[in-house]
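Engineer: Pasting in a structure now, in C-alpha cells, and then I'll have a few things to ask.
Quick note: the coordinates plus some simple rules give every number you see, no bench work behind them. Treat the numbers as computed from the prediction; the structure is a model and nothing was measured. We place every Cβ from the backbone using ideal geometry, glycine too, and count neighbours over all the protein chains shown.
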C-alpha cells in the first residue's frame, strides 16, 4: 500500500516497508556464533565468573533466535499528527530533526528523537520516492544530516 492523500490542506503519506533489513544466515554463520560464544564462556569460567558465562550463552542463544527471524512488513505513515511506524506513533514535539539517507543501497529516514534512550528512529523507504518523503517531512521537522549509529551498521554487517 503506497499512497498520498490530501484533505483540506492536511496531507498524509503512507507506505509499507520491512521492519529491518534481513540477511539469510548460513550454517557457517551459526557455527561462528557458537564457537565465539563457547570461547568467551570458557574464558569466563577459567576466570571464575560462571554467572557471566551463563549470561553470554543465554544472550548468544537469544540473539541467534532473533537474527533468524524474518522481518514483518509494517505500515509507515507521515501525517500532520506525526510519524507512525507500525503500531507506534511519534508526535512531532518529541522529534528533533530528520535526514533522508539515499547514498546507500536501501534508502531510509533517520529521525532524531528528543528521547535519551531512543535517539534515532530508522525507517526504510520502499516503493516510494525519497524526495516526496523528504518534502512531506520538511513541513513538520527541520532537516539535519544524521549518520546511522556505528553499532547499527556493525550489527547489520555481522548479519544481526
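Engineer: Computed FRET efficiency, Cβ-Cβ of residue 14 and residue 62, R0 30 Å: what is it to the nearest 0.05?
Structural biologist: Numbers: r = 33 Å, r/R0 = 1.10.
Step by step, r from the Cβ atoms, then E = 0.35.
Engineer: Let me ask something else about it. Modelled label-to-label distance, residue 39 and residue 116, 7 Å Cα→beta-carbon offset: nm?
Structural biologist: Going from the residue 39 label point to the residue 116 one covers 3.6 nm.
Engineer: Something else about it: Can you work out the FRET efficiency for the pair residue 26 and residue 69, with r the C-beta to C-beta distance and R0 = 25 Å, to the nearest 0.05? Walk me through the intermediate numbers first.
Structural biologist: Numbers: r = 16 Å, r/R0 = 0.64.
E between residue 26 and residue 69, to the nearest 0.05, is 0.95.
Engineer: Relative to the longest principal Cα axis of the chain, at what angle does helix 27-46 sit, 0 to 90 degrees, rounded to 10?
Structural biologist: 60 degrees
Engineer: From the P(r) of the chain, can you give the percent of Cα pairs sitting at distances over 27 Å?
Structural biologist: 38 percent
Engineer: Within region 31-66, find all residues whose amide N lies under 14 Å from a label point positioned 7 Å from the Cα of residue 150 along Cα-to-beta-carbon.
Structural biologist: Residues passing the 14 Å test: none.
Engineer: What fraction, in whole percent, of alpha-carbon pairs in region 27-68 exceed 12 Å separation?
Structural biologist: Numbers: 484 of 861 pairs.
Percentage above 12 Å: 56.
Engineer: Still on this structure: Once you put a point 7 Å from the Cα of residue 77 and another 7 Å from the Cα of residue 130, both along the Cβ direction, what distance in nm separates them?
Structural biologist: The answer from the label model is 2.6 nm.
Engineer: Now for a separate question. Nearest 10 degrees, 0 to 90: what angle lies between the long axis of helix 50-68 and the longest principal axis of the chain (Cα atoms)?
Structural biologist: Helix 50-68 sits at roughly 40 degrees to that axis.
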